[in-house]
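K.L.:
First the structure, which I've put down as structure tokens, then a few questions once you've had a look.
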Amino acid sequence: MRKVTLICVGNLKEKYLQDAVAEYEKRLGKFFDFNLIEIAESKLQGKVSEGEIAKALKNESDKILSKIKGKNLCALCVEGKQKSSEDFADFIAQQTDNGELFFIIGSSYGLDKQLKDASTQLSFSKMTFPHQLMRVIFLEQLYRAGTIINNIEYHK
């Protein structure tokens, strides 16, 4: 079974998002050995400097890298390449043939540049989404990819 891990900075506070994630995690079991890892978000309050943000992102990056067993990384970030759902499914199929695939969703400040540079970069849109909602969007697309890979009809 294809192994996919999603690493997220921060946890979900809203019940409706928790429920959506739980539903997709249940569905994903048909197609993937799926694992979700949450990393504590660095606490920044008030008006913060670029240096404080950089330090927080580096701290989060170090925590993320400590959880990764391989080097098959994909950072979800605005700088990444956009793919259709079919291309995303092909990407997952190819990458998981080489072992576990790790996707990373950063905090509201994004991801550390060093982590992005060490990863394949993927963007779901030119639009900005809250990082907590991005988790649900990603899981829906991962489920859709599973249906595409396995030739199972899913709504458009």
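K.L.:
Name the residue farthest towards the positive end of the dipole of the chain from the options CYS74, GLN132, THR96, assuming +1 on Cβ of Lys and Arg, -1 on Cβ of Asp and Glu, about the Cα centre.
P.N.:
Farthest towards the positive pole: GLN132.
K.L.:
A further question follows. Could you go through the range 118-134 in sequence order and give the Karplus-derived ³J(HN,Hα) for each residue, using 6.51 cos²θ - 1.76 cosθ + 1.60 with θ = phi - 60°, rounded to whole Hz, and x for Gly and Pro?
P.N.:
With coefficients 6.51, -1.76 and 1.60, one gets 8, 10, 5, 10, 10, 10, 8, 5, 7, 6, 9, 10, x, 4, 6, 5, 4 Hz.
K.L.:
If you don't mind, there's one more thing I want to ask. For ASN151, put the label point 7 Å out on the Cα→Cβ axis and report which residues of the range 79-107 keep their amide N under 16 Å from it.
P.N.:
90
K.L.:
Let me ask something additional. Compute the length gained on full extension between LYS55 and GLU140: take 0.36 nm times their separation in residues and subtract their Cα-Cα distance, giving the result in nm to one decimal.
P.N.:
27.4 nm
K.L.:
Treating only the Cβ of Lys, Arg, Asp and Glu as charged (+1, +1, -1, -1), what charge dipole size does the chain show about its Cα centre? Round to the nearest 20 debye.
P.N.:
The dipole of the chain has a size of about 160 debye.
K.L.:
On a 0 to 90 degree scale, rounded to 10, what angle separates helix 15-28 from the longest Cα axis of the chain?
P.N.:
The answer is roughly 40 degrees.
K.L.:
Could you sort 7-14, 57-64, 43-50 so that the peptide with the highest average Cβ count within 10 Å comes first and the rest follow in order?
P.N.:
57-64, 7-14, 43-50
K.L.:
Stick to the Cα atoms of the range 1-67, pair each with every other, and give me the Kirkwood hydrodynamic radius in Å at one decimal.
P.N.:
Across the range 1-67, the inverse of the average 1/r is 13.9 Å.
K.L.:
Go ahead and collect, in residue order, the members of the range 50-64 whose backbone nitrogen is under 16 Å from a label point 7 Å along the Cα-Cβ direction of LYS113.
P.N.:
50-59, 61
K.L.:
Could you compute how fast the range 2-156 diffuses translationally, taking Rh as the Kirkwood radius over C-alpha pairs and applying Stokes-Einstein at 25 °C with viscosity 0.890 mPa s? Give it in µm² per second.
P.N.:
153 µm²/s
K.L.:
For VAL48 and GLU100, FRET efficiency with R0 = 30 Å and r from the beta-carbon atoms, rounded to 0.05?
P.N.:
That gives a FRET efficiency of 0.30.
K.L.:
Between PHE129 and LYS30, what is the label-point separation in nm under the 7 Å Cα-to-beta-carbon projection?
P.N.:
2.0 nm
K.L.:
A further question on this structure: Going by how many other Cβ atoms sit within 10 Å of their own, how do HIS131, HIS155 line up, fewest first?
P.N.:
HIS155, HIS131
K.L.:
Give the residue from GLY29, ILE53, CYS8 lying farthest towards the positive end of the charge dipole for the range 1-71; charges sit on Cβ (+1 for Lys and Arg, -1 for Asp and Glu) and the dipole is referred to the Cα centre.
P.N.:
Result: GLY29.
None of the figures in this text is laboratory data; all of them are computed from the coordinates on show. Everything numeric here is computed off the predicted structure, so don't read it as measured data. All Cβ positions, glycine included, derive from the backbone under ideal geometry; neighbour counts span all protein chains shown.
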